[in-house]
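Undergrad: Structure incoming, see below.
The values are calculated or read from the model by the stated rules, or taken from the named source; none is laboratory data. It should be emphasised that the depicted structure is a prediction, and the values quoted were computed from it without experimental measurement. Note: ideal-geometry Cβ built from the backbone for every residue, glycine included; neighbour counts use all protein chains shown. Ligands, DNA and RNA are stripped out before the accessible areas are found, and what is left, the full protein with its side chains, is counted by its heavy atoms. Shrake-Rupley method; radii C 1.70, N 1.55, O 1.52, S 1.80 Å.
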Amino acid sequence: MNALMDWMLSTPINTLVIGYAWSWPTLESLHFLALCTLMGSLLIMDLRLIGFQRIIPLSAVHSLMPLAIGSFAINLLSGLGFLFGDPNTYFQNYAFWVKMGFIVLAGINFLVYFTRVEPQILKLGPNDPTPGSAKLVGALSLLFWFGVLSYGRLLPYLGTGGG
Amino acid sequence: MAFLDAVGLAECVHGVEATQAGFLGWLEASGLGECVRSSTPGYPSMIALHAIGMAIMVGLSLVIDLRILGFFSGIPLSGLKRFFGIAWIGFGINFLSGSALFSAQAISYMVDWVFLTKMGLVLLGAITAGILQPAVANAGPDGVLPGSTKAVAGAAIVIWIVAIIMGRLTAYL
């Protein structure tokens, strides 16, 4: 782990992230904007899976998936920027690992949705009730992603600190 | 009142004397300001709630604005009108958590142009949501919206983006 942190600190990414006054706040602004579009698209997709606003066809809410994945990609990249900028602080903070744990759980939940649930529900028409598996996956998705958001925001205040 | 005692608010209210003049000073010195500023869980829990409310209000607003502009056109507008209700819950969470955070540092916030710009933009953003909500609710089954509604949605996207950036920069200036 120490070797990994030393390597991260020696990369040009580290210089870019902490060598300029504007780079950290720029990454933070990007991270916040993309978390909004990620959570906004997830709220509509997951609440529809749970059964809210069945008037929306499931295939249509699915069209929000590229927005969610693109937003997550922005947050993955900006998040890696923070990590390369200050690896010691993050790796030593338990809240960071709880956040990563929630991301892994959300990822597994997405794979279950993609392989097991989606093939069943795309055939459903508007106003058809979703199966229990879809409701469960939708509720878990919201739980895990709000966990990611909460622990991410609490990160500077828990454990040993850090931005 | 047992609950208030348990959270320590009552103790804070009794334990703090208003020493600074004016409403902002009174607010900062109030039990609420003192508790949010100094209690271990108070400030972080308000910060976390503020992020959750932001994700709900701004996230849903941005997606609905994009839909009004013509993206994700398979989603019927009539199916989105009840999501405004959820967005307003997020706004309410942020009004309350934001008021608590403001009370902790009222004097320095009120002279911070970044913070004041953010507040103006949040007000404008809320106004756009108030305009767009009935427009979406009244959209016909063909889902055609007038150009003026699309203009408001386009403005709303810019307003929310700048509001988020200014909110983040409030921590720096």
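Undergrad: Every residue in the range B:110-127 that is touching a helix residue (DSSP H, G or I) at 6+ places or on another chain (Cβ under 8 Å) and touching a residue at least 60 places away in the same chain (Cβ under 8 Å), please. Give the steps one after another, and end with the answer.
TA: First pass over the range B:110-127, keeping only residues touching a helix residue (DSSP H, G or I) at 6+ places or on another chain (Cβ under 8 Å): B:110, B:114-118, B:121-122, B:124-126.
Listed by number, the residues that qualify are B:M110, B:G125.
Rundown of residues vs (1) crowded, with 19+ Cβ neighbours inside 10 Å; (2) among the polar types (S, T, N, Q); (3) under 24 Å from B:I75 (Cα atoms), yes/no style:
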{"residue": "B:A106", "(1), (2), (3)": "yes, no, no"}
{"residue": "B:M110", "(1), (2), (3)": "no, no, no"}
{"residue": "B:L116", "(1), (2), (3)": "no, no, no"}
{"residue": "B:A137", "(1), (2), (3)": "no, no, yes"}
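Undergrad: Just give me the residues in the range A:39-70 being within 15 Å of the chain's Cα centre (by Cα) and more than 9 Å from chain B (Cβ to nearest Cβ), in sequence order.
TA: Of everything in the range A:39-70, those that are within 15 Å of the chain's Cα centre (by Cα) and more than 9 Å from chain B (Cβ to nearest Cβ) turn out to be A:M45, A:D46, A:M65, A:P66, A:A68, A:I69, A:G70.
Undergrad: When you check A:I108 against the structure, is it in a loop (DSSP other than H, G, I, E, B) and open to solvent by 20 Å² or more (accessible area, probe 1.4 Å), yes or no?
TA: On the way: in a loop (DSSP other than H, G, I, E, B): no; open to solvent by 20 Å² or more (accessible area, probe 1.4 Å): yes.
Judged against the criteria, A:I108 is not a match.
Undergrad: Here's a follow-up. Only one of these conditions is not met by A:L158: (1) open to solvent by 30 Å² or more (accessible area, probe 1.4 Å); (2) farther than 30 Å from A:F52 by Cα; (3) out of contact with any Ser or Thr (no Cβ under 8 Å at 6 or more places or on another chain); (4) more than 13 Å from chain B (Cβ to nearest Cβ). Which number is it?
TA: All conditions pass for A:L158, except number (4).
Undergrad: Can you pull out the residues in the range B:30-68 that are crowded, with 17+ Cβ neighbours inside 10 Å, more than 11 Å from chain A (Cβ to nearest Cβ) and assigned to a helix (DSSP H, G or I)?
TA: Across the range B:30-68, the qualifying residues are B:G31, B:L32, B:G33, B:E34, B:C35, B:V36, B:I68.
Undergrad: Tell me whether the range B:160-170 contains one or more residues that are of a type outside the set (S, T, Y), in contact with a Phe, Trp or Tyr (Cβ under 7 Å, 6 or more places away or on another chain), open to solvent by 50 Å² or more (accessible area, probe 1.4 Å) and modelled with pLDDT of 95 or more.
TA: no
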